[in-house]
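Here the structure comes first, spelled out in structure tokens, and everything after it is commentary.
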Amino acid sequence: AANHHQYQSSAAPEQSPRRSQTLSTRREVYERDFPLYKQPVEVGSFSLDSQRRFFNDSRQLRYYVEPGRNPNFDLRDGYRERYVRRDENVKEKLDHILRWILANRSKLKSKLAANASCPLDFDFVTWRGHLTKLLTTPYETKEGWLLAVTRFKGTLYISEVETEAARRERENRPERNKEMMYWGYKFEQYMCADNADGEPDPGGVVNTNEAFCTVVQTRLTDHRLLFSGEVDCRDRDPDAPAPPACYVELKTSAEICAPKQRSNFHRFKLLKWWAQSFLPGVPKVVAGFRDHDGIVVSVETFQISKISQLIKNEHNCWKPTVCMNFCCDFLSFVKREATADNPSVVYLFSWEPHKDVTYSVHRDSQYSFLPNWYIKEMTS
Ligand code: 0WD
Ligand code: CA
């Protein structure tokens, strides 16, 4: 059961300002200068194969192939016959990242490594996707989130918990939506080759178990971050800049026919695209615009660095600084509240649209997510 405040550190003296145990998500609160966000550096990568097996290498990295003048890709092709879907009932939590950390521990060592109580030189370890959700929170009006946090040897691990609403939606997904989820992966197949000098194979099987993930380190003000994100492909030119600058994110979106659709695209889609790629330093998104029948009618490249300019004409639009300042303040809030250094304690941070962020504390519960193999290895 939820047990609020059980692990708070000693009570503050009466006269010191009382810190709130909730965090506002109102946009106005976060309208200030853009916070320091260091250029993300790739420290490694890993691959998940067609059976979702982990490999500490880049075997699943694919290469971007510029499409011809009239792409005419049929995204519905192969949905019934050549589609292997990842089992969404399996909750992997941070396991792949933790596996990567153990396999690369020596590489991550620094001046502080001598200090046994802080074997990892990071304040936070998480998935990029979880940080994307934080960045977009001040503008999100539909979907809430649950983020489980455990402090272990000084590092805060953040792992998402599926909300009841998200689970219901997943289990009641209409057939049309299921097919449209396939379209994104099919687009990748039309645009990517397995080798730098190869060609895409639209006749192959789409298997969503396969993934290539980059692991980056960076800093948001005083928060040292290590996170991993799935990367669709890279520039095939061997002289392209080093990762993550050579990476390309692929997206599909409904074709834009009316001014209202363009405005919605700028206000909602571009926010998500910007947040997701800005975090790991992926410089561009290549978008396939498709019609109702899943035919790609045009392909357009968006430079992440130019998106904030692109949206400035939009009335009442989202602001990158609000996203980053909220994320920064959330991480400060987590650091302040999640004080018990114990792998079996979870601070469950919870947010619903139009509300503040709150949390509850759980010990040895269903929410614990650091596996014993990781705890054991990091303790020895
Ligand atoms: O346990 C969880 N709650 C989650 C696990 C939620 C989200 C992701 N994951 C894991 C998976 O192991 C996946 O391989 O994270 C990996 C991807 O991490 P990410 O890059 O941090 O996730 P995100 O930025 O949300 O998504 C990137 C891509 C998506 O591409 P689009 O263009 O649609 O944003 O990863 C795919 C998807 O192709 N993806 C997932 N793959 C497996 N499991 C998942 C998922 N739950 N969500 C998105
Ligand atoms: Ca993608």
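The values are calculated or read from the model by the stated rules, or taken from the named source; none is laboratory data. In this text the structure is predicted, and so the values were computed from the model without any measurement. For neighbour counting, all protein chains shown are included, and Cβ atoms are generated from backbone atoms with ideal geometry for every residue, glycine included.
Among the residues in the stretch 94-102, are any modelled with pLDDT of 95 or more and surrounded by fewer than 16 Cβ atoms within 10 Å (Cβ to Cβ)? Within the stretch 94-102, one or more residues are modelled with pLDDT of 95 or more and surrounded by fewer than 16 Cβ atoms within 10 Å (Cβ to Cβ).
For Trp274, the criteria (1) part of a strand (DSSP E or B); (2) closer than 27 Å to Ala211 by Cβ hold in every case but one, which is (1). Do we find a residue being part of a loop (DSSP other than H, G, I, E, B) and among the acidic types (Asp, Glu) anywhere in the stretch 346-362? Among the residues of the stretch 346-362, at least one is part of a loop (DSSP other than H, G, I, E, B) and among the acidic types (Asp, Glu), which makes the answer yes.
Exactly one residue out of Ala258, Ala211, Ala240 is within 11 Å of ligand 1 (Cβ to nearest atom) and among the aliphatic types (A, V, I, L, M): that is Ala211.
Of all residues in the stretch 20-36, those that are farther than 15 Å from Pro138 by Cα have Cβ atoms under 7 Å from Cβ atoms of residues that are part of a loop (DSSP other than H, G, I, E, B) and not charged (D, E, K, R), 6 or more apart or on another chain, in Pro35/Thr221; Leu36/Thr221.
This table checks each residue for (1) under 20 Å from Tyr185 (Cβ atoms); (2) buried (at least 22 other Cβ atoms within 10 Å of the Cβ); (3) within 16 Å of the chain's Cα centre (by Cα); (4) modelled with pLDDT of 95 or more.
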position	(1), (2), (3), (4)
Leu220	no, no, yes, yes
Arg224	no, no, no, yes
Phe227	no, yes, yes, yes
Glu230	yes, no, yes, yes
Asp235	no, no, no, yes
Tyr247	yes, yes, yes, yes
Lys269	yes, no, yes, yes
Ala275	no, yes, yes, yes
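Within the stretch 137-191, being within 16 Å of ligand 2 (Cβ to nearest atom) and either of a type in the set (Phe, Trp, Tyr) or within 25 Å of Lys355 (Cβ to Cβ) (or both) holds for Tyr182, Trp183, Tyr185, Phe187, Tyr190.
In the stretch 355-363, the count of residues that are of a type outside the set (A, V, I, L, M, F, W, C) and in contact with an Asp or Glu (Cβ under 7 Å, 6 or more places away or on another chain) is one or more.
The single condition among (1) assigned to a strand (DSSP E or B); (2) more than 11 Å from ligand 2 (Cβ to nearest atom); (3) closer than 23 Å to Met324 by Cβ that Phe212 does not satisfy is (3). For Glu199, the conditions (1) part of a loop (DSSP other than H, G, I, E, B); (2) touching a residue at least 40 places away in the same chain (Cβ under 8 Å); (3) closer than 30 Å to Ser350 by Cα; (4) of a type in the set (D, E, K, R) are fulfilled apart from (3). Residues that are over 23 Å from Thr136 (Cβ atoms) and buried (at least 20 other Cβ atoms within 10 Å of the Cβ) within the stretch 344-353 comprise Val345, Val346, listed in sequence order. Taking each residue of the stretch 146-159 that is under 10 Å from Val346 (Cα atoms) and looking for partners that are away from ligand 1 (no atom under 16 Å from the Cβ) and not hydroxyl-bearing (Ser, Thr, Tyr) with beta-carbon atoms closer than 7 Å, six or more apart or interchain, yields Val149/Leu156; Val149/Val334; Val149/Ala338; Thr150/Pro343; Thr150/Val345; Arg151/Ala338; Arg151/Ala340; Arg151/Asp341.
Quick check: is even one residue across the stretch 33-45 at pLDDT 95 or above and under 30 Å from Asn89 (Cβ atoms)? Yes, the stretch 33-45 has at least one match.
Residue count for the stretch 151-165, restricted to those that are over 16 Å from the mean Cα position of the chain (by Cα) and assigned to a loop (DSSP other than H, G, I, E, B): 3.
Quick grid of which residues meet (1) surrounded by 17 or more Cβ atoms within 10 Å (Cβ to Cβ); (2) closer than 24 Å to Leu270 by Cβ:
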position: Asn316; (1), (2): no, yes
position: Cys327; (1), (2): yes, yes
position: Lys355; (1), (2): no, no
position: Val361; (1), (2): yes, no
position: Asp364; (1), (2): no, no
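Against the test of being within 23 Å of the chain's Cα centre (by Cα) and more than 21 Å from Val216 (Cα to Cα), the options Ala258, Ala287, Ala242 yield a single qualifying residue, Ala287. The residues of the stretch 220-264 that are touching a strand residue (DSSP E or B) at 6+ places or on another chain (Cβ under 9 Å), away from ligand 2 (no atom under 16 Å from the Cβ) and outside any loop (DSSP other than H, G, I, E, B), listed by number, are Leu220, His223, Arg224, Leu225, Leu226, Phe227, Gln261.
Please state which one of Glu171, Glu175, Glu160 is surrounded by 15 or more Cβ atoms within 10 Å (Cβ to Cβ), among the charged types (D, E, K, R) and either within 14 Å of ligand 1 (Cβ to nearest atom) or farther than 26 Å from Phe46 by Cα (or both).
Glu160
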